[in-house]
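Taking it in order: structure first as structure tokens, then the write-up.
What follows draws every value from the coordinates through simple rules; no lab data is involved. All values reported here derive from a predicted model rather than from experimental measurement. Here Cβ is always computed from backbone atoms with ideal geometry, including for glycine, and neighbour counts include all displayed protein chains.
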Amino acid sequence: MSSQIPTHLVGNDPDIPPMQTLTAVTLRPRPLLDADELDAANARLEAAEPAEIVRWAHDRFGSRLALTASFADTTLIDIATSVAPDVEVVFLDTGFHFAETLNTVRRAMERYALNLTVLRPAADADDVWAHGSDACCAARKVDLLDAHLIGRVDAWLSGVRRADSPDRADAPIVSIDRRGLVKVNPLANMTDDEYEAYIADHDVLVNTLQFDGYASIGCWPCTEPSTDGRSGRWGGAKTECGLHL
Ligand code: SF4
């Protein structure tokens, strides 16, 4: 028997039309929330208390839910751990944090017995990226968080509020982020007065820099005292580090 492959199977048979070239398609996994579910969640949660929003997220995503914290205060942690004490809390230790911020992390560990994950950039990042640049935020924040969240969780909680800045004025309660993960902002609709009242009523831990005039607290090279929301960040050159885009 000949071992040759019949010519019609290799496309040389003149009686058989050539196969059409197929267009490559990208198969996308089913979204974690489809458009209808997203709309329904936002309609249901728009006027909900932050704890109710956290509870919805925890019921929906269970252990595949994480929380990111900047430790300007522990409001979101206070609320989230009252609902889900073991929720993973992720802190991005950029290497440029104020001592007061690191001290707030330590105090929060003691108070809440946090299930804390600290993410740090590569050891050579100091020499590669100039602080203040988008590349620095990418290397020390955005890429770290992407690598940690993608594939490990389905949803994450952030402390974004609409009152933080004009850029955040339309922040939804629930959205799908650029990673394809569900992003939940339980504090989105809290006003400044409501936020401050919660801190006072629950004796929430506050980064002591806030008592020195820092309304928003990030890395020390990129943060100035300010009484006007996030205006003290990056000298006004940019408004977001990229985590929330
Ligand atoms: S806030 Fe400044 S120092 Fe911190 S990661 Fe971004 S650019 Fe770098």
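Data overview
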| quantity | calculated |
| --- | --- |
| For ARG162, net neighbour charge (Lys/Arg +1, Asp/Glu -1) across residues whose Cβ lies under 11 Å away | -2 |
| For region 127-242, alpha-carbon Rg and Dmax in angstrom | 15.4, 44 |
| Amide hydrogen neighbours beyond the local backbone of ILE176, cut-off 5 Å, H modeled | LYS183 |
| Fraction of alpha-carbon pairs over 14 Å apart in region 96-140 - percent | 60 percent |
| Under 14 Å from the GLU46 label point (7 Å along Cα→beta-carbon), backbone N, region 172-186 | 172-174 |
| Nonlocal amide H pairs with SER226, under 5 Å, H built at 1.01 Å | TYR214, ALA215, SER216 |
| Interchain or long-range residues, amide H under 5 Å from ALA66's placed H | ALA155, TRP156, LEU157 |
| 3J(HN,Hα) from dihedral phi, region 132-141, Karplus parametrisation 6.51/-1.76/1.60, rounded to Hz, x for glycine, proline | x, 8, 4, 5, 5, 4, 5, 5, 9, 10 |
| Computed lengthening from ALA135 to ASN115, 0.36 nm per intervening residue step minus Cα-Cα distance | 4.3 nm |
| Region 32-210 - share of DSSP beta bridges that are antiparallel (%, nearest 5) | 20 percent |
| Equivalent ellipsoid semi-axes - Cα gyration tensor, region 32-210, angstrom | 25, 21, 16 |
| Whole-percent pair-distance distribution, where bins are 10 Å wide, for the alpha carbons of region 182-245 | 19, 43, 35, 3 |
